[in-house]
Structures are given as structure tokens and as C-alpha cells.
1. Does Arg53 meet the test of being farther than 23 Å from Trp85 by Cα and basic (Lys, Arg)?
2. From the set of residues in segment 28-70 that are without any contact (Cβ under 8 Å) to a residue 60 or more places away in the chain and among the charged types (D, E, K, R), which is surrounded by the fewest Cβ atoms within 10 Å (Cβ to Cβ)?
3. For segment 20-39, give me the residue count where each residue is farther than 16 Å from His63 by Cα, of a type outside the set (Asp, Glu) and either modelled with pLDDT under 80 or not in a helix (DSSP H, G or I) (or both).
4. Residue check, Gly81 against (1) within 14 Å of Glu47 (Cβ to Cβ); (2) modelled with pLDDT under 80; (3) surrounded by fewer than 17 Cβ atoms within 10 Å (Cβ to Cβ), all met but one. Which one?
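The values are calculated or read from the model by the stated rules, or taken from the named source; none is laboratory data. Just so you know, these numbers come straight off a predicted model, no measurement behind them. Please note: Cβ atoms are built from the backbone with ideal geometry, for glycine as well, and neighbour counts cover all protein chains shown.
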Amino acid sequence: MGLRTIVFPAAATVVFLILGAIYAVAVPLFEAPDERNHIGLIAYLAETGSWPRQQPGIVTAWHQEGSQPPLYYGVLAGLTGLFGWPDGGPAASAPFCRRTPLPGPAT
């Protein structure tokens, strides 16, 4: 193995970790630009126990997140069902985010 086969992946990993750390410090927890969509989908799953139907032209609390792979959302909805939301409901998880009332689509 040449030095390049070791140095490049190691340097790329270090740069990735540094950028990730900067992003984690710069963006407050639960305040990423699409966090309200993630919270909306988790709340929907926790409250209804079913996966939402994506319908073109209808705006929902989860927007495009309803078409994402379900494992992450299913696990978090299960944990939410066990432990509940913080005081104040789902909106308390991201105080600067507004959620559409559940369970139906936004009107």
C-alpha cells in the first residue's frame, strides 16, 4: 500500500469530523432547517400508529419526510410512545418550529 491510500481517506475523515463538529455547534439541537418536518412525522406516527399517505398537492406537518425510510421514524415514534413528549408537546422539542395540528393534513 502506498502512502496515498492511507493519507487521503484519513484526511477526508478528519475533514468530515471537523465539519460535522462545526455544524453540531453552530446549529442548536432540534433546530435544523427541516427539524419540524421530522418532529411532525414522529408525532404523527406516535399519535396514530400508522404511516401517513403522501398525497401530491396536500401540505402536511411532515412534508416530504413521509417518504423517507421508516426505521428512524419508527424507533423514535416508539420511544415517544413510551416516554412521551417533553412538557408542552412536540413543539417543545423544537421551540422555534410550528407544527400543523395532527392527525390530519394541514388545511
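1. yes
2. Arg53
3. Of the residues in segment 20-39, the ones farther than 16 Å from His63 by Cα are 20-31.
Now restrict to residues that are of a type outside the set (Asp, Glu): 20-30.
Remaining after also requiring either modelled with pLDDT under 80 or not in a helix (DSSP H, G or I) (or both): 27-30.
Qualifying residue count, segment 20-39: 4.
4. So the condition that Gly81 fails would be (2).
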